[in-house]
Amino acid sequence: MKPTNYLFTIFLVFLTIINILVSLSIGPVHISITDIVRNIYLYFFGKDPNWTVSTILFYIRLPRIILAVIIGTILGVSGLVTQTIFKNPLGDPYLTGVSSGAAVGAAIGFLTSPFLVPVLAFIFAMIAVSISFIISRSNGEVNTEMLILAGVSVSFLFSAVASYIIYLKITNLRGVIFWLLGGLYGATWTEDYWLFIALIVILPVIVYFRKELDIILIGDDQAKSLGVNTGRIKTVTLLVSSLITSLAVSAVGIIGFIGLVSPHIGRKIVGESHRFLIFVAPLIGANILLASDTIARSTPQGEIPVGIITSFVGAPVLIYLLYRRRKL
Amino acid sequence: MIEIRDLTVRYGKKIAVENLSLKVKDGERVILMGPNGSGKTTLLRALLGLVKFEGRIFLNGREVGALSRTEIAREISYVPQIFSTPYAFTVKDFVSMGLYSHSREWWHEDRRVNDAIEMVGITNLTLKEINTLSGGELQKAIIARALVQDASYILMDEPTAHLDIRSVQEVLDIISNLKNKGIIMVSHDLNALNKIGGTVILMKNGKLIFRGTKEDSDLKRWISETFETNIREIDDFLYFPLT
Amino acid sequence: MNSKVIVSIVVVIVIAASLSFAYSDLHKQKPGPSTITVVDDLGRKVTIPLPVKRVVSMDPSNTQMMYAIGAGNLLVADTSYDWWPENATKLPHVAMDNGTASVEQVVNMTPDLVLATTIQPMQIIDQLQNLSIPVLVFEPQNISNIYSDMLTLGNVTGHYSTAVAEVNHMKTVIKGVQQKIENYSRVSLLYMLWPDPIYTAGPTSFINSVISAAGGENIADNLTGAYPVISLEQIVVDNPQAIIVDNGTGISNITYFTTGNQSQVWKNISAIKGDRLLVFNVTESEWMNEPGPLTIFAVQMVAQFLYPQAFE
């Protein structure tokens, strides 16, 4: 194995830290680097920091930056799992019906109380995912070809329900429109805390199965003949990645392209094996989302939805990668 | 020992293997022949536990249905028909997957992996990606993976199909040099029959119709009947002429 | 065979001719001196045959302006979400609050004039116009725009003098409010249309013109567009002295700011520290959001909230 893969993984960790520091110094309100350093010092060493600066840094920017890193990590890793299990380069973490299920939940949430939105979005996302899984079970294991079709069908069904609710009640549901666009506004430490807990509980499960994910890519029959319990591993990894994706969606709405593009970029650099990819894809996801969100929140005209930026950045990168592949 | 008792495999209403019983001793080499659709591959898949079946299969005295995937993998390894893959694993990554049933660690520096790669003669391709290999190179890598898996039996599904003349020779050489391994090999290649030798089993319409050795005087007649052709005419095209 | 061909050709010609007659008849504007041409808020020049006896309103603002200038009795249909005056709720409804309107139902009312707004898709307006039903699109951007729209309506419906009287009344009320507050220093205001993300009323919104008429200093003045998102960072820096929250946001009182997720940020904002928060009820929200005769109540209400001393 190429030793550069170790170096690149470590490099990505440093890149993430630098990205966090840079993002901390960028925002709609200009704060100079010296102000930032001085206030960090004052904040941690008990003196009285400037209220405006420290509030912006520690209660607005930093929680949002951490949220971007967490959500990017979730989307990167679940995008990778989806692409591997479905052996489909177009797989994205919403494939099993997460996003449209969450949209229905959000729409119902906004009709009752906006504070119920994340809870209902999560519940309905999991309902949609469960339906997809139940439809596609055969002989006690998940049939991935069926699951793609089931996911698409369930997505259409839930999208129709969500569209109908929104269409009927558009004036009471402006919140849904903002929610559907996705965004990391309103990030708080509480939100970061819970998502972080979920991430460190769930991520090791996926990392643990990285060897199996490699073997599954070669084909189901071969994987089984090598001793891999493909049915159990597919079900567990997909359910777990759908679960964290649902959590991510319920927290920040539907943010596209991160889950699709991060594994592709990772593969180009560290190769096919999940040995490194399982760490590299989420780190790339975290960096792309953080950079995109920093742009999204810093435009002088007021914030623009981050999904627009991720697609705007992600699509050209993907096109470039495909172009390179074609030339090889 | 592999013991098959009254094996029946159905695909819906179609019966692929019917009431088949068979014993394969440790270290025995079996060539499985038969027309397309006679149930050869299905038999291999049943042994691997990849299809549902009626009847009983014992691997060294233990019933397949009661074994986990890993336990089956320690008894029998599998060399599938050549496949194409878009996935860019290196040969080393790919071969090391064979160790899965023994340990979940990352074994890239394991001596067994390098030995197996060397044994099939593709050391120079160790860091090449499998999606860039030729058919013969990939087949050797697959055999190396099966060797690393270190099971008592190797099941092979037409290992020489789609290979060029030289690759067929090389692959057959590798297989015939395997020591202390039971081999069950599906093949339409009469060269394989000659080179590997051992037991010959003929299947037709899901049933076992002949069991013998290549020395059996009536083998040619049985082959001719099974395939409804006269094989004496192709003797001249064999690299390893029929004796 | 020959005669069959001739017969079919004749039939086709007759059908085509009658269709084209019908079509041209449909499109013929009734000629003569009894038409009036006015320009609506989209800059469309619309010619309306006179007299206008039957009017369909597809927006509460339009309905309210019609009643205010004394032309309410001309209305034959309006929207499902009209609420003022009470008579408006009793008319047949042809438009929904999501902007959809049934063209069939509108045509069935045989209106002389349809009053639309920009929430309706342009296709509906074009379709009506193609059926020779004149459509005026009103979307007042500020208070003086309300005056001009009312005068246009007065002109078209033959209620010009009452329209002038109503406009003068509104001007007097607003001037009275402004005189009361002119000696107080300006109060900075955050207007929240939605809390998450925080959508606010930008410089080109109608709401902004109400805020400035009421003496408020909208902190979103330097953003662009009608309804931009304002960052929490900007709010911290601008530190507004007062906050107005629109109806339907899920926020009902100050606890959202003092105990909610972002309370660490909010509880140090002047408006929250000084408890200067106004949450609109449904009616107040309608006053604020529907440009029309009721806008004077919105101006009074905001001014009273920002400068309570001036109204003691």
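The values are calculated or read from the model by the stated rules, or taken from the named source; none is laboratory data. Everything numeric in this text was worked out from a predicted model, so none of it was measured. So basically every Cβ, Gly included, is an ideal-geometry build from the backbone, and we count neighbours across all protein chains shown. Quick note on the areas: whole protein, heavy atoms, side chains included, nothing else; ligands and nucleic acids left out. Shrake-Rupley method; radii C 1.70, N 1.55, O 1.52, S 1.80 Å.
Side notes on the structure shown:
- Sparse-neighbourhood loop sites, chymotrypsin sites (Phe, Trp or Tyr not before Pro) in region A:38-88 - DSSP loop, at most 11 other Cβ within 10 angstrom: A:PHE45
- Sequence-ordered 3J(HN,Hα) estimates for region B:180-192 from the Karplus curve with 6.51, -1.76 and 1.60 and θ = phi - 60° stand at 6, 10, x, 10, 10, 10, 7, 7, 9, 9, 5, 4, 4 Hz, glycine and proline given as x.
- Three semi-axes of the equivalent ellipsoid, chain C, Cα gyration tensor, whole Å, largest first: 48, 23, 15
- Largest first, the residues A:LYS47, B:LYS181 sort by 1.4 Å accessible area into A:LYS47, B:LYS181.
- Legend: calculated FRET efficiency, C:THR47 to A:GLN301, from the Cβ-Cβ distance at R0 = 25 Å, rounded to 0.05, equals 0.05.
- Point-to-point label distance, C:THR89-B:THR8, nm (Cα→Cβ direction, 7 Å offset): 7.6 nm
- Whole-angstrom gap from region B:97-173 to region A:54-80, using each part's C-alpha centre: 45 Å
- Under the criterion of Cα pairs below 8 Å and six or more residues apart, the relative contact order for region A:4-327 equals 29 percent.
- Computed over the protein assembly as shown, the alpha-carbon pair-distance distribution with 10 angstrom bins reads 2, 10, 15, 15, 14, 12, 10, 9, 7, 4, 1, 0, 0, each value a whole percent.
- Ranked order, B:VAL51, A:VAL161 - accessible area, probe 1.4 Å, largest first: A:VAL161, B:VAL51
- Largest accessible area first, the listed residues A:SER262, A:SER138 line up as A:SER138, A:SER262 when surface is computed with a 1.4 Å probe on the assembled protein chains.
- Contact with the other protein chains removes 40 Å² or more of accessible area, compared with the isolated chain and a 1.4 Å probe, from these residues of region C:97-139: C:ASP97, C:ASN98.
- For region A:182-214, heavy-atom accessible area (probe 1.4 Å) falls by no less than 20 Å² from the chain alone to the full protein assembly at A:TYR185, A:GLY186, A:THR188, A:TYR208, A:ARG210, A:LYS211, A:GLU212, A:ASP214.
- Entry note, chain C: relative contact order of 15 percent, from Cα contacts under 8 Å with a spacing of 6+ residues.
- The 3J(HN,Hα) values that the Karplus relation (6.51, -1.76, 1.60; θ = phi - 60°) gives for region A:292-304 are, in residue order, 4, 5, 4, 5, 4, 8, 9, 5, x, 7, x, 5, 10 Hz. Gly and Pro appear as x.
- Counted over chain B with a bin width of 10 Å, the fraction of Cα pairs per bin, in whole percents, is 7, 31, 35, 22, 5, 0.
- In this structure, the amide hydrogen of C:THR35, modeled 1.01 Å from its nitrogen in the peptide plane, lies closer than 5 angstrom to those of C:LEU50, counting only residues at least 5 positions away or on a different chain.
- Here the accessible area of the protein assembly as shown is 59 percent carbon and sulfur, with a 1.4 angstrom probe and all protein chains present.
- The ratio of the alpha-carbon radius of gyration of region B:99-204 to the globular-protein estimate 2.2 N^0.38 Å is 1.10.
- Taking 7 Å steps out from each Cα toward its Cβ at C:TYR160 and C:THR224 produces label points 4.2 nm apart.
- Per-residue shielding of B:91-101, expressed as the average number of other chain Cβ atoms within 10 Å of the residue Cβ, stands at 4.
- In this simple spin-label model, placing a label point 7 Å from the Cα along the Cα-to-Cβ direction at both A:ILE319 and A:ASN139 gives a separation of 4.4 nm.
- Heavy-atom accessible surface that C and A bury in contact, both chains counted, 1.4 Å, Å² to 100: 2600 Å²
- Extension gain, B:MET1-B:SER217: 0.36 nm per intervening residue step, less the Cα-Cα distance, totals 75.0 nm.
- Counting all C-alpha pairs of region C:35-160, share separated by more than 24 Å (%): 15 percent
- Förster radius 56 Å - calculated FRET efficiency between C:VAL107 and C:TYR184, Cβ distance, rounded to 0.05: 0.55
- For region A:243-283, a decrease in accessible area of 20 Å² or greater in the assembled protein chains relative to the isolated chain, with a 1.4 Å probe, applies to A:GLU272, A:SER273, A:ARG275.
- Relative contact order of region C:154-312, taken over Cα pairs closer than 8 Å and 6 or more residues apart, is 25 percent.
- Looking at region A:4-327, the accessible area is 40 square angstrom per residue; that uses a 1.4 Å probe and ignores ligands, DNA and RNA.
- J(HN,Hα) series, region C:82-98, from Karplus relation 6.51 cos²θ - 1.76 cosθ + 1.60, nearest Hz, glycine and proline x: 5, 9, 9, x, 4, 4, 5, 6, 8, 6, x, 9, 10, 10, 10, 6, 8
- Computed over region C:183-311, the ratio Rg/Rh where both radii use C-alpha atoms and Rh is Kirkwood: 0.93
- For C:TRP287, the solvent-accessible surface computed with a 1.4 Å probe is close to 60 Å², ligands and nucleic acids excluded.
- Accessible area (Å², 1.4 Å probe, nearest 10) - B:ARG62: 100 Å²
- Helix content alone sets the calculated 222 nm mean residue ellipticity of the protein assembly as shown: runs of n ≥ 4 DSSP H residues at -39500 (n - 2.57) each, divided across all residues, give -16000 deg cm²/dmol.
- Per residue, the solvent-accessible area of chain C (1.4 Å probe, heavy atoms of protein chains only, all protein chains present) comes to 45 Å².
- Cα convex hull of region A:1-121, projected area averaged across orientations, nm²: 12.0 nm²
- Taking the C-alpha atoms of chain A, convex hull volume expressed per residue in Å³: 154 Å³
- Cα shape, region A:188-328, gyration tensor, a/c 1.5 rule: oblate
- Accessible surface area normalised per residue over chain B is 44 Å², counting heavy atoms of protein chains with a 1.4 Å rolling probe.
- Accessible area of A:GLU191 (1.4 Å probe, protein heavy atoms only, ligands and nucleic acids ignored): about 50 Å².
- Chains B and A together, accessible area buried on both sides, 1.4 angstrom probe, square angstrom: 2600 Å²
- R0 of 45 Å, Cβ-Cβ distance A:VAL13-B:ARG111: FRET efficiency to nearest 0.05: 0.90
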